[in-house]
Structures are given as structure tokens and as C-alpha cells.
1. Find how much the distance from ASP106 to ALA345 grows on full extension, using 0.36 nm per residue of separation minus their present alpha carbon separation; answer in nm with one decimal.
2. Whole number please: convex hull volume per residue, Cα atoms of the chain, in Å³.
3. Using a Förster radius of 51 Å, what is the FRET efficiency between ILE37 and ASP356 based on their Cβ-Cβ separation? Nearest 0.05, please.
4. Please compute the modelled spin-label separation between ALA382 and PHE307, points set 7 Å along Cα→Cβ, answer in nm with one decimal.
5. Note down the nm distance, to one decimal, between modelled labels 7 Å out along Cα→Cβ at GLU269 and at ILE183.
6. Specify whether the C-alpha gyration tensor of region 212-287 places it in the rounded, prolate or oblate class, a ≥ b ≥ c being the square roots of the eigenvalues: rounded for a/c under 1.5, otherwise prolate if a/b is larger than b/c and oblate if not.
7. Taking neighbour Cβ counts within 10 Å as the exposure measure, how do ILE421, ILE84 sort from fewest upward?
8. Compute the Rg/Rh shape ratio of region 249-336: radius of gyration over Kirkwood radius, all on alpha-carbon atoms.
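Computed from the coordinates by the stated procedures, all read-outs in this text should not be read as laboratory data. These figures come from a predicted structure and were not determined experimentally. Positions of Cβ are generated from backbone atoms using ideal geometry, with glycine treated the same way; all protein chains shown enter the neighbour counts.
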Amino acid sequence: MSNVRNASDGYATASTRLRDYDYTNYYFGAGDDAFAILEPFGEWWREAEFGTGYYLYALPMGSAPSTRVSIADPKTGETRHELINFASYNYLGLSYRPEVIDAVCDAVRKYGAGASGSPVLSGSMDLHKRLQREMADFKGKEAALVFPTGYSANVGLIAGLMRPGDLIVADKLAHASIVDGMILSKATSRFFRHNDAGDLDRKLRGFDGKKLVIVEGVYSMDGDVANLPEIVDVCRRHDARILVDEAHSTFVYGPTGRGLAEHFGLDDEVDIHLGTFSKSLGGLGGFVAGPQELIWYLRGFARSRVFSCALPPGVAAGLLKALEIARKEPELRERLWDNARYMHALLHEAGVDVGDSTSQVISIMIRDDAGIFQIAEDLLRAGVYINPVRYPAVGKHKSRFRMSISAAHSRSDLEEGARIITSVLGKHGKCP
């Protein structure tokens, strides 16, 4: 085996186990050729995906992302059917509702497959305008703007609003799309300790100028929620605007499902509301909701939207129907919370470490960066599909499985899933 480039200690010997490596080992490469890093990276990749087959990401799914799915086994090549699905975001089970599918099909027959244009040129259709009006109404804001993805919503909003010389302070666990938006804005960027309002206060202190604070509603890798009341109070004391990314909390939290801001009674105290359509609505896209003047401004300055094709009309139609169902059927949200509480109880009783999770996103802590892949493989073979997460998505030695609970899961799904998970974790010494 040839030498492999390691960013921290030079060239590793051939005896180094490649499965201990990750993307960060290949961030920098030696030499003057931009392609120089590709050969050692390719060696690692071939071993990870085609050699021992421990790379368990992007496994082909041969079914809808429902509570039971079909997944291709990377080692055997066979398709495993009827796996209990705890990997998909489909919190309300809407992506495969017949009414949503019918709406998508009807729109495709009328409008075709794609929008074929930027939203500011020929890509805007009546469906997009209606979706924006419906989202503004749902969020109780003057206006809303739809983006092609949740990622592009964060990047476009942050880089479109903030400038060099401004200050952005984000929670240290902020999503990559938030971080990338901060980088693109070229504003001064700082991070405060997770959910620590006192540290946020220190980071804002003494800065004169435009200030934006960014937090998430539900943190996607930990499943805990923002300490929003204290954070909003700090923002007001420092005249800082606050953006809440409610990707995992919109349609889940609050009396009407508006999100964590509504849950805490702070809808009017939050300046910018941002979210996605790929989680609870089971579709694609992102949105920003807030004052009309903000939305007008972003239509010209949010480059990730201006220079992207608009959402396919079929997707927009499906989102409109999913939004209608989510608003008319609050029992979906109630069922989701019943399921989340039940799974929390099952795992707690079995001694499974779920970290600080309090939501429908449950982090099953493993803290074994190399060993987590074997556990994931054993879970797949035992009948559970769930994604392993390790560095750099989370900190070193903080690897975990991220479990997503859906309103569509039955009690038997949850009980069988918990039984399989605790059994496999027990064999690996990860729970009593």
C-alpha cells in the first residue's frame, strides 16, 4: 500500500488503518498541483467504499422514505427490505401521502418537469408566488421568500444581508450552511458556547455596528433546543438582530406548529425566521419569513437564489398540499410528540445514552469514531436503518447515531427498533 497523506503528522505508514481516517486527513495536499491530493484520497475512498465496505453513507434506497425502507447492502450487494427507518427527516410522514403525490403529478402534467429559469427571470410561476404567500400567512409574517434548498436560504440570507465590518455571532453548533453564509458575507464572525447566553453577551460586548445573532431551533446533531428566551434578551440589550433557523422545529413546535419561537411566545421578538421544506413537509427547498422590506431586499441580494433555478413546479405543488395537510391535521404533530416521548422512554429504560436530546431528533451517543461503522453495519443487518455520524460533522470522540422519529411510526415500529438497537449496542458494550 502506498503512503497516505495525513494533514497532522505527515505521511502515515502503510500499517495505518485507513478506517481511522476521515475527510479532514485530505483537506490539504503537498505540491503545486491541485490534483495531487486526489491519488491518496482515492486510495482511502476505494478502501472505504469498495474494500472493506465500511463507508455506510449514501446507501441507495429503493423505496419511499417511509417507516419501512429497502436499502442496498454495500458489502453483499443485496437489497435489504423492510428495514425500520430512523434515518429520514420525514417527521410528519407527508412526502408519500397520496394527496401530496397527486398534487405533484398534476403539476408536472401542467407545468412540466422544471421551472427552466431563475426566480428573478422566467422561473417564477404562480405556484411559487402562492407558496410564498401561504408560508408568510402560516408564519404570521408580512412576507416570505422561497429558496431552492434550505442550505441556499441560509447562505443567501446571511451573505445577502451582512457586510464586511459587520458582526455575526452564531452558536458554536450552527449548521454548515450558517457557517458558509458567514464566510461569504466577509463580516467579522464569532461563535459563542452552545446555548450559553452569558458567553453570547461577552461576544457582543463592545462592538459598535450592525450585529446579527444566529441560532437554530432544534440542533440537528444533538436534538436539543435553543435557549431562546435568554438569547433574545441578550440580543435586545445589545441592539442585535436575531435569526432563528427552524429547519428541524418548524411544523413541530408551538401551538400551531410555527416553531420554537412560537413555543416560547417569542414570534414577534425574532427578527428573521428561516426554515426548510425537506424536513417536516418531506419535500425540498427553504424559506425566509419576516418584514416585507427584508424580503424585497433579499430578492436582489440573496445570490444563492438569484443565480439558481427556481424550485420545480411539481415540488412547489407538493409543498403546498403538504402545508395544507400540516395545518389541517394538528394530530400529526401530536402523534409525532407521542412517538418521540415513547422512544425516549424506551431508550432511557434500556440505559442508552441519548445525550441532551429532548426532541424528535434523538442522538444515540457511541463516542467511538472507528467502531461506529461496525455497529452501523450490524444494525443494518439486524433490521434498522440509521445513520452513523462522526467527525467532522461532530467533534472528535463524539460519534453518534442520529435517530429521526416520525408521526408515521407505529408503536410496534418503535418497540422493535428500540429492541434491535439496544441488543446491538449491548453486544458492542455501548449499553448495559
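1. On the way: separation 239, 0.36 × 239 = 86.04 nm, distance 4.22 nm.
Difference between extended and current length: 81.8 nm.
2. Numbers: hull volume 70.9 nm³, N = 432.
Cα convex hull per residue, to the nearest whole number: 164 Å³.
3. Working: r = 36 Å, r/R0 = 0.71.
Step by step, r from the Cβ atoms, then E = 0.90.
4. The modelled label-to-label distance comes out at 4.8 nm.
5. In this crude label model, GLU269 to ILE183 measures out at 3.3 nm.
6. Values: a/c = 1.84, a/b = 1.73, b/c = 1.06.
It comes out prolate by the Cα gyration axes.
7. Numbers: ILE421 27, ILE84 24.
Ascending Cβ contact count within 10 Å gives the list ILE84, ILE421.
8. Working: Rg = 14.2 Å, Rh = 14.3 Å.
When Rh is taken as the Kirkwood radius, the ratio is 0.99.
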